[in-house]
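To start, the structure itself, in C-alpha cells.
Here, each number is a calculation from the coordinates, and none is a lab measurement. Everything numeric here is computed off the predicted structure, so don't read it as measured data. Counting neighbours? That spans all protein chains shown, and the Cβs are built from the backbone with ideal geometry, glycine included.
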C-alpha cells in the first residue's frame, strides 16, 4: 500500500490503481532533502502488484526536481562513516526501492530535472518530459560524483561516452536531446504531458502487473550477467510466468477472441 504519512515533502494521490507521488517543495524547485528521499523510498517500497498498476512520479509547481538541497544536506557535520550510512539510507534507498519495485514506475517530468532529479528520471521504467524541461547531471558543478544511481543507470541507458560527457561537463540540455539520448521516452508539449502519461497508464492497467514485475526483475538482474547466466535466469522467471493465473487468462482470452481480464 502507498504510504501517505510524509505529505510535508511528497504528495501521494491514489486513484484507480495508480499511485502518484509528487515532490512538494515548489518554492525550492522540489529540491530533495533526506526526508524527501526517505518519503519517496517508503512510498515505493509499500507498493504492491495486488493494489497498483503503476506509480507516477512528478513534481508540484514548475520543476520536477532541482536535485539535492545542498543547504539542508550540508548542515550536519558527519564523519566519513556517518556520511556513508546517511546517503545509503536515503538516496541509496531510493535507488533500491525503484529498481526492485515490481510495479512499473513512470516519470512525468513536468519541469527541470537536475542532479538527483535527473537520476530519478533515469531510474524510472518509462519517462515523458515536457518540451520546456531542462536537464543536467550537475553534480560536478558542486564537486560531487553522480549519486542516486547516476553512475550505474546513466551508462546503461544513454551509453558510456554520453554519460561521461554529461557527468564530466554538467552541461544543461533540453528535453528533445534527452529524448534523443533515450533518457526519456519522448518530449511532449507541456499541455499534452498529462494526457500522454495517462495514455500509458491506461495501457498498463490492461496488462498483468505481476508479469511486468517479472520482466523488470529479469532485465535489471541480467544487466551485469554473462549471456548464458542471463538466459538461465530469464528461463527461471518464465517458468513463474507460465504457471501464473495471468498466463492462463491470457491464453484463454486469445483462443476465445476476447480481451483478457488479468487479476493483477
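Of note:
- Entry remark, the stretch 28-40: residues being surrounded by fewer than 23 Cβ atoms within 10 Å (Cβ to Cβ) and touching a residue at least 40 places away in the same chain (Cβ under 8 Å) number 5 in total.
- Condition met for residue 192 (closer than 15 Å to residue 132 by Cα, part of a helix (DSSP H, G or I) and touching a strand residue (DSSP E or B) at 6+ places or on another chain (Cβ under 7 Å)): no
Condition check ((1) within 30 Å of residue 52 (Cα to Cα); (2) in contact (Cβ under 8 Å) with a residue 40 or more places away in the chain) across all residues:
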| site | (1), (2) |
| --- | --- |
| 137 | no, no |
| 147 | yes, yes |
| 151 | yes, no |
| 154 | yes, no |
| 167 | no, no |
| 181 | yes, no |
| 205 | yes, yes |
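- In the stretch 239-260, residue surrounded by the most Cβ atoms within 10 Å (Cβ to Cβ) [restricted to those that are part of a helix (DSSP H, G or I) and in contact with a helix residue (DSSP H, G or I) (Cβ under 8 Å, 6 or more places away or on another chain)]: 246
- For the stretch 130-151, the set of residues classified as in contact with a helix residue (DSSP H, G or I) (Cβ under 6 Å, 6 or more places away or on another chain) and in a strand (DSSP E or B) consists of 130, 135, listed by residue number.
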